[in-house]
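Notes to accompany the following structure.
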Amino acid sequence: MRCIVVGGGLSGLASAVWMAEAGYEVTLLERRGALGGRTIAIPQKEVNDVPDNGQHVFASGYENLFRYLDSVGTRHHVEFPGHMTARMPGGKTRRTAFWGLDGLRAMVGDLPGVKGLDKLRTARAQARIFGEALKQPADLDQITAAQWFDRVGLPLSARRAMWDGIVIGLTGDKPDISSAKVPADLLVTGMRKGVKMRTPVSIGYPTVDLDTLFVRSAEAFFRLNNVSVRTRSPVKSIDIVEGVVKGVTLRDGEELEADAVICAVPVWQVKDLLEQMPEHEKIERAVKALTPVPIVSVNLYLDRDIGMEDWGEILYDGEGVLEQVWDRQRMHGREPAGHWFFSTTVSASYELIKKSNDEIIAIQMEMLRRYYPKARDAQVIHSHIVRMPHSTFAQRPGTSGVRPEQKTSVTGLALAGDWTNTEWTTTMEGACQSAARAVEALLESEG
Ligand SMILES: Cc1cc2nc3c(=O)[nH]c(=O)nc-3n(C[C@H](O)[C@H](O)[C@H](O)COP(=O)(O)OP(=O)(O)OC[C@H]3O[C@@H](n4cnc5c(N)ncnc54)[C@H](O)[C@@H]3O)c2cc1C
């Protein structure tokens, strides 16, 4: 049985690996010159280093992603230290653990910058947030996360200390844009995974670059398992005859036949590919509803240490976007080699992305100086900016149910990609869960 996987991002890589494991003869077609999609490393010759297109962090509840890492043999490259650090302007820090005493302090409203009676109000509002996430009042998809927080009486200080960051981290977008149902669903997913694994969901990171973690390892698997990989092979259409998939047509007109096709391209590139599918109107609705969110990642090679206390630090009291700083050398267990490498991520960076490289560096250095006293006189040896206007997607109010299932009405055709319906939103786990479900749908239909 021949299977074509269209798209070589994480969902396509996982689909190709698992279809090959199931005994299919797999061809993976990728539009660009290399595999990896939104999870790639971008080598910097000037500093002999391999930073990523943006720091990717893992949640311990990511089951399908770990299944993929098991398949390609790189699971040992992920660590969960069990804590991160919150940092205030001026440099004051507070370690935030995901369990134990620190977790309990957060539960009862003791968050950085939340004072006096607001602690009590925060504890009460947080209980309501978790309660409503579980009960799911009918109007949750009609309001934004910010309106939800107002409704449950969450003080602004608690939003700035933690909850706005959680919404941006979980949904990819700002609380005044994102539907309240998205963070609510994700809180429930987190609680369910926590109960299943008997430990609260915590955050971890890869100890190697993303190419080593996801791509080189997959390529080694493909060589061993006769998966044929064709890069620079954009697909124009997925071809369907009388409800059965027949193969694909490339943009240069070449036609490839297959018994099964998994379409694993992002939501903003999928529309034309699936025009022959009977339910293409549902796809078009998803394309319209799931709007792209930009992320700007800045890799800064400095002439000195800035004094980070933890591997990852979340900067509070920021600009209404989520700003994070990563100590990449510490995360990768490397000694500084003539430079100190810090990476910053600005999620929902609608404004920053429009600025010039020089402006972005100046803004990020100004931010580091504000939060890290040791960065006051730091000089930039080398910098590398990654602007990704299509990083993640946002789900605004009224879009619940818009993400399509992986199983389609067409025999032999399944959809994958972080935008299809999963327990998660726009994440690596969403991509891998969609692949697992797409493979399962095809194998089921083959009996
Ligand atoms: C900067 C950044 C930070 C992130 N941080 C995190 C994080 O911390 N944690 C987390 O879980 N997630 C994070 N994400 C999200 C995560 O990277 C994505 O959700 C995931 O990688 C999406 O994988 P995918 O396979 O669905 O799509 P993609 O990776 O976009 O792959 C799709 C592939 O299809 C190809 N393609 C498109 N059209 C065609 C065509 N016509 N023919 C052939 N090929 C085609 C594309 O070139 C691409 O390679 C982040 C994303 C970014 C950009």
- Item | Counted residues, region 172-194 - those being crowded, with 20+ Cβ neighbours inside 10 Å, of a type in the set (Asp, Glu) and assigned to a loop (DSSP other than H, G, I, E, B) | 1
- Item | Some residue of region 195-206 being open to solvent by less than 30 Å² (accessible area, probe 1.4 Å), out of contact with any Lys or Arg (no Cβ under 8 Å at 6 or more places or on another chain), small (Gly, Ala, Ser) and part of a helix (DSSP H, G or I) | no
- Item | Failed condition for Asp418, given (1) more than 25 Å from Pro294 (Cβ to Cβ); (2) assigned to a loop (DSSP other than H, G, I, E, B); (3) touching a residue at least 40 places away in the same chain (Cβ under 8 Å); (4) within 16 Å of the ligand (Cβ to nearest atom) | (1)
- Could we say that His83 is within 15 Å of the ligand (Cβ to nearest atom) and either at pLDDT below 95 or under 19 Å from Gln433 (Cα atoms) (or both) here? no
- Residue check for Glu423: open to solvent by less than 60 Å² (accessible area, probe 1.4 Å), modelled with pLDDT under 95 and of a type outside the set (Gly, Ala, Ser): yes
- Query: Can you tell me which residues in region 123-144 are over 28 Å from the mean Cα position of the chain (by Cα) and open to solvent by less than 90 Å² (accessible area, probe 1.4 Å)?
  - Reply: Ala123
- Message: Which residue is nearest to the ligand (Cβ to nearest atom), if the candidates are limited to region 16-37 and must be surrounded by fewer than 17 Cβ atoms within 10 Å (Cβ to Cβ) and farther than 16 Å from Glu257 by Cα?
- Response: Arg32
- Item | Residue that is farthest from Gly253 (Cα to Cα) [pool: residues in region 200-238 that are of a type in the set (Ser, Thr, Tyr) and out of contact with any helix residue (DSSP H, G or I) (no Cβ under 9 Å at 6 or more places or on another chain)] | Ser202
- Query: In region 58-97, how many are open to solvent by 50 Å² or more (accessible area, probe 1.4 Å) and either farther than 30 Å from Arg160 by Cβ or not in a strand (DSSP E or B) (or both)?
  - Reply: 9
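The values are calculated or read from the model by the stated rules, or taken from the named source; none is laboratory data. Note that the coordinates shown come from a computational prediction; the quantities given were computed from them, not determined experimentally. Backbone-built Cβ (ideal geometry, glycine too); neighbour counts: all protein chains shown. Note: accessible area is taken over every heavy atom of the protein model, side chains too, but ligands, DNA and RNA are not part of it. Shrake-Rupley method; radii C 1.70, N 1.55, O 1.52, S 1.80 Å.
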